[in-house]
1. Which residue, L2, S175, H190, has the largest displacement toward the positive end of the dipole of the chain when charges sit on each Cβ (Lys, Arg +1; Asp, Glu -1)?
2. Unpartnered cysteines of the chain (Cβ-Cβ under 4.7 Å counts as a partner)?
3. Count the net charge of all other residues whose Cβ sits under 9 Å from the Cβ of A71, scoring Lys and Arg as +1 and Asp and Glu as -1.
4. Hey, can you find the accessible area per residue of the chain for me, probe 1.4 Å, expressed in square angstrom?
5. Taking R0 as 41 Å, what FRET efficiency do you get between R131 and A19 from their Cβ-Cβ distance, rounded to the nearest 0.05?
6. Report in % the part of the accessible area of segment 24-93 that belongs to carbon and sulfur, leaving out ligands and nucleic acids; probe 1.4 Å.
7. Quick one: order V29, V191 from most to least accessible surface, probe 1.4 Å.
8. Which value in nm describes the separation of the simple spin-label points at R39 and L2, placed 7 Å from the Cα toward the beta carbon?
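The values are calculated or read from the model by the stated rules, or taken from the named source; none is laboratory data. Computed from a predicted structure; not experimentally measured. A quick note on method: Cβ atoms are made from the backbone with ideal geometry, for glycine too, and the neighbour counts reach across all protein chains shown. Surface areas here come from the heavy atoms of the whole protein model, side chains and all, with no ligands, DNA or RNA. Shrake-Rupley method; radii C 1.70, N 1.55, O 1.52, S 1.80 Å.
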Amino acid sequence: MLCGACTAQLTFLRGPLCARCGAPTAWPVERCAECAGRRLAFATARAAVAYEGVARTLVAAWKERGLRSLAPIFADLVAETVARPPVDCISFVPGDRDRSLWRGQNAAQALAERLAARWELELTPLLSRTRASPRQRGLSRKARRANVQKAFSAAASPAAVALVDDVYTTGATVSAAATELRRAGAGIVHVVTFARAARR
């Protein structure tokens, strides 16, 4: 499904990185220009690849064109690149019901299921959607935060959770989801995604 030529064009995010949000940096920093001064509900965010070029094409094929067989390949790439977080379980950002039905899957859930098996973690659906929300694509950072505000609710949560999503763009979605996990009892949330936007 993923040839050597395409794999070679992926930009793997192995470092140096921002210790908090996982953005690629010139040297290791605790907080980068992207996340400094922001209230983030998660402790760390890590991704396997930069969301650019071939990665964008692959994510579109996975999410919009129904290539569900990419999920185990992406999980392998994440497991090879991102260290297993020190958590009690793995959960995922729930998809919008209508979009998930149209796509035939929730990409975040599919990725979480396979990472749970690779990392030998219990998969626990802790979050649910409280309302539908428009797509985040094309929105400003401020609009993204408003779009997902109070869009999730959480069941009672273990102390340490790995929260999986497909793509980290501004961090608005995972931070909103992590906020609810924290309210439900999680002391620490580590975010894991296949790709993340890399501002250079």
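1. The residue sitting most towards the positive pole is S175.
2. When partners are defined as cysteine Cβ atoms under 4.7 Å apart, the chain leaves C3, C6, C89 without one.
3. +1
4. Using a 1.4 Å probe on heavy atoms only, each residue of the chain averages 47 Å².
5. 0.80
6. 54 percent
7. So the residues, ranked largest to smallest area, are V29, V191.
8. 3.6 nm
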